[in-house]
Amino acid sequence: MQIDLSFQPVHNPNPQRLMPDQIAFYNEHGYLKPFRAYDAAAVARNRAYFDYLLAELRVQNPNADTYAINGYHTRCKGIHDMVTNPVILDHVQDLIGPDIIAWGTHFFCKLPGDPKHVHWHQDASYWPLSPARTVTVWLAIDDADLENACMQFLPGTHRLGQLEYQKPDTPGVLWQEITHIEKYGQPVADELKAGEFSLHADMLAHGSGPNHSHRRRCGLTIRYCPPCVEPVDRSWGRQAILCRGRCDNPHWHFPPPPTGEDLSGARPKQIGGN
């Protein structure tokens, strides 16, 4: 099956949360920000929850790094609750419609002094999903800014199809790096306060640098798509959440909602960096 990596502009004559000019901006530039999902008290709980998850995971796997909490949304109630936050879903619905599947989550946590690059890339270039209709939410657990290596976007690149890439010459998180990046314009920093989130299209080129600051930068990525998206690799459809609406696509499977925090066993690694 050939994967369709084209961008389909959003046509929504009756948005519930977003304004028509915001949808037009998303179609043109490929991202929207910032929106608030959590108040100060909830931000503190989210941060404590991530710390708890990482500590528990390291009890079972002492070598687990701060990027290891990947794909646990059907096993951990706290992550499931973030994925199904109605404020986030209201915004996502305006971009992909009333039937919403969450197929992936990943905490990206760059500690102070973390040297890792996330080279410029397009997420959907890695994913065995077709067509490319995923919207990614980046939910800030900590404040994220240029000083502590926030994500950066290259506006408009989502409309250019798959960009030329090579194997990176320098160490990084991913194995693709877009070539001749300078010709795609000026990057935009996805600066967010803790509790805020951004949305971006799955073919929008983005990346982030090392964290040279003395502050941590942690965020939760949540991948949402409509049921028309099909997992070419069927294993990618087995651990999803039907957040709203209905799904008649037999290649998506929705386990019962988790009632606790289960970090046992290996989870499938779903590639994409932020």
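The values are calculated or read from the model by the stated rules, or taken from the named source; none is laboratory data. Just so you know, these numbers come straight off a predicted model, no measurement behind them. In this analysis, Cβ positions are derived from the backbone assuming ideal geometry, glycine residues included, and neighbour counts consider all displayed protein chains. Just so you know, the surface numbers come from the protein's heavy atoms only, side chains and all, with ligands and any DNA or RNA stripped out. Shrake-Rupley method; radii C 1.70, N 1.55, O 1.52, S 1.80 Å.
A few comments on the model shown:
- In the stretch 197-204, the condition of being open to solvent by less than 60 Å² (accessible area, probe 1.4 Å) and of a type in the set (F, W, Y) is met by at least one residue.
- Of all residues in the stretch 234-251 being more than 19 Å from the chain's Cα centre (by Cα) and in contact (Cβ under 8 Å) with a residue 40 or more places away in the chain, the one that is most open to solvent (accessible area, probe 1.4 Å): R246
- Residue within the stretch 107-120 that is β-branched (V, I, T), modelled with pLDDT of 95 or more and either open to solvent by 10 Å² or more (accessible area, probe 1.4 Å) or farther than 17 Å from A240 by Cβ (or both) present: no
- Restricting attention to the stretch 59-89 and to residues that are over 30 Å from G245 (Cβ atoms) and surrounded by 15 or more Cβ atoms within 10 Å (Cβ to Cβ), the residue that is nearest to the chain's Cα centre (by Cα) turns out to be Y67.
- Total residues in the stretch 2-50, condition among the hydrophobic types (A, V, I, L, M, F, W, C), without any contact (Cβ under 8 Å) to a residue 40 or more places away in the chain and either touching a strand residue (DSSP E or B) at 6+ places or on another chain (Cβ under 7 Å) or closer than 28 Å to Y67 by Cα (or both): 4
- All of F25, F50 fail the test of being surrounded by 16 or more Cβ atoms within 10 Å (Cβ to Cβ), modelled with pLDDT of 95 or more and not charged (D, E, K, R), apart from F50.
Conditions (1) among the hydrophobic types (A, V, I, L, M, F, W, C); (2) assigned to a strand (DSSP E or B), marked per residue:
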{"site": "Q186", "(1), (2)": "no, no"}
{"site": "H200", "(1), (2)": "no, yes"}
{"site": "M203", "(1), (2)": "yes, no"}
{"site": "N211", "(1), (2)": "no, no"}
{"site": "R215", "(1), (2)": "no, no"}
{"site": "Y224", "(1), (2)": "no, yes"}
{"site": "C228", "(1), (2)": "yes, no"}
{"site": "W252", "(1), (2)": "yes, no"}
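- Those strands (runs of 3 or more DSSP E) of the stretch 58-154 in which at least 2 residues are aromatic (F, W, Y), considering only elements entirely within it, cover 100-110.
- Residue tally, condition in a loop (DSSP other than H, G, I, E, B) and under 20 Å from the mean Cα position of the chain (by Cα), over the stretch 18-39: 4
- Whenever a residue of the stretch 72-95 is closer than 15 Å to F254 by Cβ, its partners that are small (G, A, S) and modelled with pLDDT of 95 or more, lying with C-beta atoms within less than 6 angstrom and at least six residues away or across chains, give the pairs V83/A102.
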